[in-house]
Structures are given as C-alpha cells and as structure tokens.
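The values are calculated or read from the model by the stated rules, or taken from the named source; none is laboratory data. Every value quoted in this text rests on a predicted model; they were computed, and no experiment measured them. Glycine also receives a Cβ, built like all others from the backbone with ideal geometry; neighbour counts cover every protein chain displayed.
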Amino acid sequence: MIRRYMVRIAVACAVAMSALLVWANWPGDAIAVGVLADRVVVSKSKRQLDLYANGKLLKSYVVSLGRNPVGPKRQEGDKRTPEGLYAIESHNPRSSFHKALRVSYPSAADRLAAAKRGVAPGGDIMIHGARNGLGFLGRLHRRVDWTAGCIAVTNPEIEEIYRVVPDGTPIEIRP
C-alpha cells in the first residue's frame, strides 16, 4: 500500500515537473521573418528589454541582470549592468551562454570615469541566453538576477533577438 502511494507521488511529481518545464520554455509570438529592429531599450528597474523598428514597439522581453543591479556599472567585477547609450558591436554564435550580442560598453566616457577612480571599467557586457547546458530552465532563470553584469533572456528569446538586431543597433540601458 505504501509503495502504491509512493508511485503515485512520483508520477504526480514527474507530471508537475514536466508541466513546469513546458511553461518555462513555451515560446511567445514571434517577430516576422525579415523585420529588423533599429533600437533596443533596456529598463533595468522593470527588468525589461524592448525592441523597436521605426519608433514602433516590436516586442518586449523580461530579463535578468547583474547580481548587483541597482546603479550604473562603475568598475570591473562590481556585478552591475551598465547604464547609458551604447551600440550592439557584434554577434557571437559560439558564446558560453548560447548566443550573445556584444554591447559596446565601456564607452570613452566610462573608461575616463573609471581611470579617474583608479579602477578598470570592466567589459564583456552582452545580451545572452542561458549558460550552455542550462537552457532547459527557460523562464525560470528570471527569478533572480544572476549575471556578472550582462542582460540575460531565454534561449528561444536570444535566438529571435540575435536574428532581428543587426550590428550597430543603438541600445539604451536605463536605470
């Protein structure tokens, strides 16, 4: 009798876990093929990344940020996501975080401000998916700010962002 209950509990847990993983990886509405974004806006306080084309909102994504998300990035290792106007510099299909888009941080002003404080400004700020091998977490990664200063989305989301955001696209990262 106890074994029967244990089997039922195990089956219920397996069904619940399967449902959670399906929800965590369920894709939203896709941006049409051929449409390109001409502006990216990240609102750190809202944990939101918006893509625009010709002033029209294409799509919004919920994001995770650096582990110390309040305030602008001031130096290497501070776990903060920068704030300011930058550009998408390049696409990296072989990132250790699924795919990634490099943000042009640090700017000349960021480097000068860090030099005045006697610190390195840091770098390698990206918009990226989950760490390779952890993509199954899907939306669950959003429960906590976990990056070293980057902007993280799910793997299906970075696939779409990677496709519609060309190099040179301006990105504004707001507090």
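Tabulated results
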quantity	calculated
Some residue of the stretch 34-44 being more than 30 Å from Arg117 (Cα to Cα), of a type in the set (Ser, Thr, Tyr), under 17 Å from the mean Cα position of the chain (by Cα) and at pLDDT 85 or above	no
Selection within the stretch 37-54 - part of a strand (DSSP E or B) and touching a residue at least 60 places away in the same chain (Cβ under 8 Å)	Arg39, Val40, Val41, Val42, Ser43, Leu49, Leu51
Residue list for the stretch 55-67, filter: in a loop (DSSP other than H, G, I, E, B) and either free of Cβ contacts under 8 Å to residues at least 40 places away in the same chain or within 13 Å of Val41 (Cβ to Cβ) (or both)	Gly55, Val63
Subset tally (residues that are of a type outside the set (D, E, K, R) and at pLDDT 90 or above) for the stretch 136-165	15
Strands (runs of 3 or more DSSP E) wholly inside the stretch 74-170 that include at least 1 residues being farther than 30 Å from Val33 by Cβ and touching a residue at least 24 places away in the same chain (Cβ under 8 Å)	84-92
Options Gly122, Gly168, Gly133; residue that is at pLDDT below 95 and over 23 Å from Ser45 (Cβ atoms)	Gly133
